[in-house]
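Here is the structure we will look at.
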Amino acid sequence: MKNKAVFVLLLGSFFLPQKLPCQQLWSPDSFTVLDRPADKMMAEYLTAIVDRQFAVRDSLLATLKTAEDWQQHAKIIRDSIRAWTGPLPPRTPLNARVTGRIEREDYVIEKILFQSRPSFWVSANLYLPKYYSAPRPAILNVIGHSSAGKASENVQRRSIAQAKKGFVALTIDGIGQGERRIKDYSSFGSLPGAVHRVVGAQAFLSGTHLFNFMVWDAIRAVDYLCSRAEVDTARIGCTGTSGGGMMTTYILPFEPRITVAAPVCNPNTWSHRVHANLATDHEQVFFGSFEAGIDPRGDPLFTHVPKPLLINATTDDNLNPVRGVWALATWLFKAYSAHGVPEKMQTSMVKAGHGYNKEQRETTYAWMLKWLGGDPADYLEEDFPVESEQDLWCTPNGDVYQLSGSLEPHELVKAYLDKHKAEFRTKKSRAELRSYRETLAETIRHVLRIRQEPGAPSAERKAVRRITGVQLTPVILRPEKGIFLPGVWLESNTSSSESPVILFLHEQGKSALAGEEQVVKALLDEGFRIFAVDLRGTGETAPGMEGYFWDFLAGKPVSGQRVADVLSVMKWLSSQGVPSERISIWAEGLSAVWAVLASALAERVSGIVLENVLISFENVVSTRLPQYNQEILLPGVLTSFDLPHVYQALCPLNITVINPFLGDKSPAGQADIAKTFKAVADTYEALGAAGNWTVIRDTGTESRIEHILSACRRMAGR
């Protein structure tokens with residue numbers, strides 16, 4: 001045992017451990033510290049950050065006067081969004097083919113397949129007007145969160161009307177919709193949003209971006225239009241609503257061939273969306289954009305100036321506040337005016353909800369006819385029949401993934417990760433490990449955006465409570481303005497200032513201790529003190545607003561904030577006379593991840609016990625349908641490090657991992673553990689600390705408790 005890292009395998013059910021029945025000493029309410037609910041804390045804290053960042057942005061925009069000023073700012077926006085999106089792939093053969101035709105009286109529908117990337121198929125319908133000999137202006141129709149994609153009725157009506165008015169209209173299925181639906185993702189929500197959510201998270205972790213895949217589909221769609229003899233390549237428009245409005249906006253920094261743009265029910269001002277308590281989707285998030293002075297919801301439109309732009313909005317759009325539309329439109333109008341073409345920018349707003357209704361479509365037709373060629377008076381949309389979804393299929397079964405060799409988006413992410421993930425190898429000397437630890441600490445700070453060492457927070461102690469021989473002392477820690485961390489000391493009557501301290505962290509907050517009576521009682525009886533605390537956005541201060549992405553856009557990930565909280569709490573414990581070597585951590589779930597990362601940045605703790613911790617970020621990416629998402633997102637983390645890297649850097653620290661989870665939150669098997677932690681175990685063994693690294697697969701309650709107690713004794717040197 002002295003020469004091998006410890007792997008304990010106890011056979012049992014692969015379900016979470018159940019607590020043995022016992023008399024409950026306290027309830028979750030026993031751990032309530034705050035006098036009033038604090039469920040708005042994180043929203044208010046993040047809103048204040050966003051307000052400050054937008055004040056800086058607006059001050060900058062106010063200084064732009066000339067066309068040259070606006071052009072320089074547009075260049076900054078263009079360069080930034082391209083950098084955030086990541087390098088686009090080389091242009092490869094489209095391998096386009098027409099798989100069918102539908103003949104109608106005054107237009108034809110062609111069923112199109114093309115490859116935006118090798119083996120990555122895009123399904124599309126091309127609407128061709130009849131009775132025209134010269135090349136015609138074209139419109140690319142991009143679609144929002146419509147499961148039916150190009151076959152949805154409103155999309156068909158738009159496409160058919162465009163063809164009837166003399167446009168060549170190409171309408172493509174986006175990732176996760178139409179013939180590119182991936183039904184397995186439906187358990188995560190409606191399609192295509194569920195696909196975007198899962199693959200978007202995996203892309204973030206891997207260092208790429210879902211938008212990279214989506215925008216390249218649209219760019220290659222323009223390539224296809226330009227390949228058609230029927231198209232006048234100097235006259236190409238783009239329109240779409242909701243997520244399609246996003247794509248119409250976001251493609252502009254990449255695609256100069258689009259001469260007229262009409263984004264619908266999407267361009268807005270993010271600060272107004274934050275105040276309206278609105279979230280967004282993974283493909284629309286550029287990390288740190290607010291901090292850089294760029295609002296991705298609307299600022300890409302500045303790169304389109306001075307070409308014709310219509311913002312097509314509605315009065316009752318529940319996703320895009322009216323005031324946000326007008327705030328953006330005001331700045332855009334100034335940019336167009338500085339270029340001497342105010343008439344090329346227009347904002348329409350009809351009385352309607354979120355969508356692309358007939359009146360909105362007619363507004364777009366008039367705009368496209370005016371600037372791409374035609375009679376703007378011919379804007380009305382007549383009534384006509386539409387096709388069935390199946391009749392518009394480009395593939396035999398309505399599924400591009402049944403085509404031979406076809407790739408799914410998840411496979412693109414995995415391929416990217418394989419090329420870009422950080423290397424991982426055994427460190428065999430103390431000097432090598434010391435250097436690696438220092439480098440990794442700086443890398444972690446950069447990824448988490450922890451720019452300065454957190455200090456000890458101020459603290460407010462409240463009246464002591466005594467429950468069946470246990471002394472509970474509520475404490476409120478304030479690590480920074482707007483943030484408070486409610487915590488509770490648990491001590492026995494025999495505890496002293498010399499007693500070792502266990503910092504308890506749980507993803508649901510400190511009240512989870514209410515179900516840990518046996519462990520707590522045993523630890524207190526053995527002379528330990530426990531300090532249980534809610535990291536920001538957990539427990540009494542939940543929710544953490546992770547799914548809203550305000551923290552991402554602001555460049556201040558909640559994940560990094562929570563790691564900073566752990567460091568701050570440890571600083572406070574040290575300020576209370578507890579030496580770092582007498583502090584250990586017992587953490588469960590997501591909090592175990594933050595505890596590991598904090599341990600790599602802190603003064604050496606005596607050890608950590610981690611339960612139900614994610615085995616690795618990479619496993620979230622390799623798992624096709626993971627159960628982790630925005631709550632663990634750190635952009636590009638896997639290009640810099642993974643959790644096993646951190647464990648290795650902590651050698652020879654006492655680390656006990658109990659029931660590690662795979663990306664789908666199922667318990668990791670012996671093979672997964674051995675493979676994932678091999679370099680960690682080898683490093684501990686090479687440096688003579690094999691006994692300090694323990695991984696336990698065990699689901700029995702009694703043995704679980706004994707493992708926790710044993711680990712705590714070992715960390716305390718007992």
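Computed values, structure above
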{"read-out": "Entirely in the range 342-459, the helices (runs of 4 or more DSSP H) that have 2 or more residues that are more than 30 Å from residue 579 (Cβ to Cβ) and in contact with a helix residue (DSSP H, G or I) (Cβ under 8 Å, 6 or more places away or on another chain)", "value": "358-372, 409-420"}
{"read-out": "Residues (surrounded by fewer than 21 Cβ atoms within 10 Å (Cβ to Cβ), under 16 Å from the mean Cα position of the chain (by Cα) and not in a helix (DSSP H, G or I)) located in the range 195-235", "value": "207"}
{"read-out": "From 59, 80, residue being among the hydroxyl-bearing types (Ser, Thr, Tyr), exposed (fewer than 12 other Cβ atoms within 10 Å of the Cβ) and not in a strand (DSSP E or B)", "value": "59"}
{"read-out": "Filter pass, residue 47 being among the β-branched types (Val, Ile, Thr), out of contact with any strand residue (DSSP E or B) (no Cβ under 7 Å at 6 or more places or on another chain), assigned by TED's automatic domain parsing to the domain that holds residue 557 and at pLDDT 95 or above", "value": "yes"}
{"read-out": "Selection count, the range 626-642, where residues are surrounded by 20 or more Cβ atoms within 10 Å (Cβ to Cβ), in contact with a helix residue (DSSP H, G or I) (Cβ under 6 Å, 6 or more places away or on another chain) and either part of a helix (DSSP H, G or I) or outside the structural domain of residue 430 (by TED's automatic domain parsing) (or both)", "value": "3"}
{"read-out": "Within the range 126-143, tally of residues that are assigned to a loop (DSSP other than H, G, I, E, B) and either over 16 Å from residue 154 (Cβ atoms) or touching a Cys at 6+ places or on another chain (Cβ under 6 Å) (or both)", "value": "6"}
{"read-out": "Per-region count, the range 507-546, residues over 17 Å from residue 25 (Cβ atoms) and under 38 Å from the mean Cα position of the chain (by Cα)", "value": "18"}
{"read-out": "Any chance residue 398 is at pLDDT below 95 and assigned by TED's automatic domain parsing to the domain that holds residue 171", "value": "no"}
{"read-out": "Filter pass, residue 252 being buried (at least 22 other Cβ atoms within 10 Å of the Cβ) and either assigned by TED's automatic domain parsing to the domain that holds residue 357 or aliphatic (A, V, I, L, M) (or both)", "value": "yes"}
{"read-out": "Hits in the range 572-596 - residues which are of a type in the set (D, E, K, R) and at pLDDT below 95", "value": "581, 582"}
{"read-out": "Residue count, the range 168-194 (criterion: under 21 Å from the mean Cα position of the chain (by Cα), assigned to a helix (DSSP H, G or I) and within 30 Å of residue 368 (Cβ to Cβ))", "value": "1"}
{"read-out": "Residue 333 surrounded by fewer than 20 Cβ atoms within 10 Å (Cβ to Cβ), among the hydrophobic types (A, V, I, L, M, F, W, C) and either touching a residue at least 24 places away in the same chain (Cβ under 8 Å) or part of a helix (DSSP H, G or I) (or both)", "value": "yes"}
{"read-out": "Set 161, 148, 169, 134: member being in contact with a Ser or Thr (Cβ under 8 Å, 6 or more places away or on another chain) and of a type outside the set (Val, Ile, Thr)", "value": "169"}
{"read-out": "Subset tally (residues that are assigned to a helix (DSSP H, G or I) and surrounded by fewer than 20 Cβ atoms within 10 Å (Cβ to Cβ)) for the range 667-695", "value": "11"}
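The values are calculated or read from the model by the stated rules, or taken from the named source; none is laboratory data. From a predicted model like this one, the values you see are computed outputs, not experimental measurements. FYI the Cβ positions are ideal-geometry reconstructions off the backbone, even for glycines, and counts take in every protein chain you see.
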